[in-house]
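Peer 1: Here's a structure for you.
The values are calculated or read from the model by the stated rules, or taken from the named source; none is laboratory data. Owing to the predicted nature of the structure, the values given are computational and were not obtained by experimental measurement. Note that we place each Cβ from the backbone using ideal geometry, even for glycine, and neighbour counts take in every protein chain shown.
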Amino acid sequence: MKKNDLCTLEITGMTAEGNGVGRTDDGMAVFVPLTAVGDVISCKIVKLAKSYAYGIIDSIITPSPDRAESGCPVSSRCGGCTFRHISYSAELAVKDKLVRDAFERIGGFKDITFEDICGGETERYRNKAQYPVAELEGKAVCGFYSKRSHRVVPYFGCTLQPEIFGDIAAFCLDFVNTRKISAYTEESGSGILRHIYIRRGFHSGEIMICFVVKSTAAKADLTELARLAAEKFDGVKSVVMNINPKNTNVIMGEKNITLWGNDEITDTLCGKKITLSPMSFYQVNTAQAEKLYRQGMEYAGLTGGETVLDLYCGAGTIGLAFSDMAAKIIGCEIVPEAVENSKRNAEINGVKNAEFYCGDSGKLAEKLADESIKPDVAVIDPPRKGCDALTLDSLVRMSPRRIVMISCNPATAARDAKYLYERGYKLMKVRAFDLFPRTSHVECVALLSRE
């Protein structure tokens with residue numbers, strides 16, 4: 001086989017990135033985007049390795065019964081949605097299998113109790129959008145990155161987001177081009193405006209607009225834009241300028257300047273009022289996050305007398321959701337602004353039994369273990385890379401009866417569950433939650449119990 005060869009493939013599986021998998025007559029695996037299990041295709045080979053290849057669809061010979069109309073004119077170019085070309089039921093089946101495979105293959109677990117995946121709404125579910133800004137044909141444009149690149153696909157009509165997000169972005173971009181505010185260019189580090197970032201409270205309807213800029217050179221113009229946007233769009237409560245002078249692909253900088261209104265907006269999650277700054281971590285799908293947290297509460301089995309350790313607590317949303325059912329909440333988070341949010345969120349909700357500490361979760365967990373803190377239940381919600389050995393070893397030393405693991409990466413969740421299993425914890429239950437319909441991402445929650 002050579003590059004640009006054509007071959008006929010039947011797609012028999014899917015990867016975690018959403019690529020279909022087929023095999024050539026000699027058994028080589030070929031990964032093909034935008035295919036569905038059951039497709040028979042003519043495939044053009046575009047990349048060849050020793051034991052696998054990547055291809056693209058040349059033609060569909062026999063379509064899979066899972067195929068569906070995308071409904072989005074840029075879905076084949078945009079890197080956001082992965083599964084718009086198949087039915088949602090087929091997407092849920094793929095994601096459920098990904099979680100099961102991770103725990104069985106990476107974790108090495110057998111005879112696990114897998115509960116059915118929890119699906120959600122597929123349209124308008126996101127409470128946050130981050131539109132990268134770029135220059136195209138002498139004008140500033142914004143939209144979404146193409147897959148595996150930082151090439152911007154200009155588009156305002158994404159149906160995963162509230163319609164008002166696209167309206168706000170288009171309004172802001174028109175002003176930016178009228179005032180000739182330059183778009184930031186990653187290659188040269190020139191230009192000013194890097195991102196237009198919009199967040200809306202799912203229950204409150206309060207909107208924050210954040211302009212991520214390289215410098216304050218356009219502050220006067222953006223202050224006027226902030227006033228005009230607040231006048232035009234109902235619900236805007238905060239307009240902020242975030243300054244990120246570094247030549248990096250990290251979106252947010254460390255400094256915020258409020259241009260109009262409040263420094264923060266508020267929302268409600270699991271019955272608790274939450275304040276949100278530009279830097280706050282907050283699940284982008286509020287409705288599904290509430291289901292996920294309630295599942296976590298059920299797994300925790302709280303009776304009212306327990307001490308709960310909440311690692312990687314973010315703005316304190318999980319701990320606060322658990323606070324009515326526990327005697328004490330101890331939250332740990334490395335982002336100072338998030339810890340301040342946590343403390344303020346506890347205060348405005350009248351939560352007296354929660355403490356929040358700023359620092360690396362592993363080091364804080366080690367410190368708590370050294371102080372012989374003995375939580376009854378630990379809730380961990382780490383980033384995609386999962387937990388480090390220090391965090392897990394400290395958890396084992398504290399010896400909580402139950403560990404509720406919430407994860408946005410089933411592979412690292414399975415790895416960490418295996419680590420805990422080898423140190424005396426039994427994996428009791430796992431359930432997948434689709435917080436990101438139409439994309440390749442899936443969350444899961446697992447319950448581990450001390451043997």
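Peer 1: Taking region 107-149 as the search range and keeping residues that are among the aliphatic types (A, V, I, L, M) and surrounded by fewer than 17 Cβ atoms within 10 Å (Cβ to Cβ), which one is modelled with the lowest pLDDT?
Peer 2: Ranking the candidates gives ILE112 first.
Peer 1: Of the residues that make up region 25-40, is at least one at pLDDT below 95, over 26 Å from the mean Cα position of the chain (by Cα) and either small (Gly, Ala, Ser) or closer than 26 Å to PRO410 by Cβ (or both)?
Peer 2: Yes, some residue in region 25-40 is at pLDDT below 95, over 26 Å from the mean Cα position of the chain (by Cα) and either small (Gly, Ala, Ser) or closer than 26 Å to PRO410 by Cβ (or both).
Peer 1: Continuing with the same structure: Please indicate, with yes or no, whether at least one residue in region 213-224 is touching a residue at least 60 places away in the same chain (Cβ under 8 Å) and either closer than 30 Å to GLY271 by Cβ or of a type in the set (Asp, Glu) (or both). Let's see the steps before the verdict.
Peer 2: Going residue by residue through region 213-224, those that are touching a residue at least 60 places away in the same chain (Cβ under 8 Å) are none.
No.
Peer 1: To continue, here is another question. Which one of ARG423, ARG344 is in a loop (DSSP other than H, G, I, E, B), farther than 30 Å from VAL74 by Cα and over 22 Å from the mean Cα position of the chain (by Cα)?
Peer 2: Details: ARG344 fails: in a loop (DSSP other than H, G, I, E, B).
Selected residue: ARG423, the only one of ARG423, ARG344 that is in a loop (DSSP other than H, G, I, E, B), farther than 30 Å from VAL74 by Cα and over 22 Å from the mean Cα position of the chain (by Cα).
Peer 1: Tally the residues that are free of Cβ contacts under 8 Å to residues at least 12 places away in the same chain and farther than 23 Å from VAL250 by Cβ, restricting the search to region 158-208.
Peer 2: 4
Peer 1: Considering region 228-244 alone, what residues qualify as being surrounded by fewer than 19 Cβ atoms within 10 Å (Cβ to Cβ) and either touching a residue at least 40 places away in the same chain (Cβ under 8 Å) or out of contact with any strand residue (DSSP E or B) (no Cβ under 9 Å at 6 or more places or on another chain) (or both)?
Peer 2: Those that are surrounded by fewer than 19 Cβ atoms within 10 Å (Cβ to Cβ) and either touching a residue at least 40 places away in the same chain (Cβ under 8 Å) or out of contact with any strand residue (DSSP E or B) (no Cβ under 9 Å at 6 or more places or on another chain) (or both): LEU228, GLU231, LYS232, PHE233, GLY235.
Peer 1: Got a sec? Which of GLY301, GLY314, GLY253, GLY319 is out of contact with any helix residue (DSSP H, G or I) (no Cβ under 7 Å at 6 or more places or on another chain), within 17 Å of CYS358 (Cα to Cα) and in contact (Cβ under 8 Å) with a residue 40 or more places away in the chain? Don't jump to the end; show me each part of the working.
Peer 2: Values: GLY301 fails: within 17 Å of CYS358 (Cα to Cα); GLY314 fails: out of contact with any helix residue (DSSP H, G or I) (no Cβ under 7 Å at 6 or more places or on another chain); GLY253 fails: within 17 Å of CYS358 (Cα to Cα).
Of GLY301, GLY314, GLY253, GLY319, the one residue that is out of contact with any helix residue (DSSP H, G or I) (no Cβ under 7 Å at 6 or more places or on another chain), within 17 Å of CYS358 (Cα to Cα) and in contact (Cβ under 8 Å) with a residue 40 or more places away in the chain is GLY319.
Peer 1: Related question: Condition (residue is within 25 Å of SER238 (Cα to Cα) and out of contact with any Gly (no Cβ under 6 Å at 6 or more places or on another chain)) applied to region 291-313: is it met by at least one residue?
Peer 2: Going residue by residue through region 291-313, those that are within 25 Å of SER238 (Cα to Cα) are 313.
Filter again for out of contact with any Gly (no Cβ under 6 Å at 6 or more places or on another chain), leaving none.
Looking through region 291-313, none of the residues is within 25 Å of SER238 (Cα to Cα) and out of contact with any Gly (no Cβ under 6 Å at 6 or more places or on another chain).
Peer 1: Quick check: is even one residue across region 291-300 out of contact with any Lys or Arg (no Cβ under 6 Å at 6 or more places or on another chain), at pLDDT 95 or above, aromatic (Phe, Trp, Tyr) and buried (at least 19 other Cβ atoms within 10 Å of the Cβ)?
Peer 2: Yes, region 291-300 contains at least one residue that is out of contact with any Lys or Arg (no Cβ under 6 Å at 6 or more places or on another chain), at pLDDT 95 or above, aromatic (Phe, Trp, Tyr) and buried (at least 19 other Cβ atoms within 10 Å of the Cβ).
Peer 1: Hey, another quick one. Scan region 36-72 residue by residue and report those that are in contact (Cβ under 8 Å) with a residue 40 or more places away in the chain and of a type in the set (Val, Ile, Thr).
Peer 2: Quick first cut of region 36-72, residues in contact (Cβ under 8 Å) with a residue 40 or more places away in the chain only: 36-37, 44-48, 53, 55, 58, 61, 64, 71-72.
Passing the criteria: VAL37, ILE45, VAL46, ILE61.
Peer 1: May I pose another question? Could you identify the single residue in LYS44, LYS3 that is among the basic types (Lys, Arg) and modelled with pLDDT of 95 or more? So that I can check it myself, show each step before the final result.
Peer 2: Numbers: LYS3 fails: modelled with pLDDT of 95 or more.
Of LYS44, LYS3, the one residue that is among the basic types (Lys, Arg) and modelled with pLDDT of 95 or more is LYS44.
Peer 1: Continuing with this model, one more query. In contact with an Asp or Glu (Cβ under 8 Å, 6 or more places away or on another chain) and of a type in the set (Gly, Ala, Ser): does that describe ALA354? Explain how you work it out, then say what you get.
Peer 2: Working: in contact with an Asp or Glu (Cβ under 8 Å, 6 or more places away or on another chain): no; of a type in the set (Gly, Ala, Ser): yes.
Considered against the rule, which asks whether it is in contact with an Asp or Glu (Cβ under 8 Å, 6 or more places away or on another chain) and of a type in the set (Gly, Ala, Ser), ALA354 comes out as no.
Peer 1: Another question about this same structure. Consider ALA354 carefully, then state whether it is surrounded by fewer than 19 Cβ atoms within 10 Å (Cβ to Cβ) and either assigned by TED's automatic domain parsing to the domain that holds ASP376 or of a type outside the set (D, E, K, R) (or both). If you could, list the steps in order and put the result at the bottom.
Peer 2: Working: surrounded by fewer than 19 Cβ atoms within 10 Å (Cβ to Cβ): no; either assigned by TED's automatic domain parsing to the domain that holds ASP376 or of a type outside the set (D, E, K, R) (or both): yes.
Answer is no for this residue.
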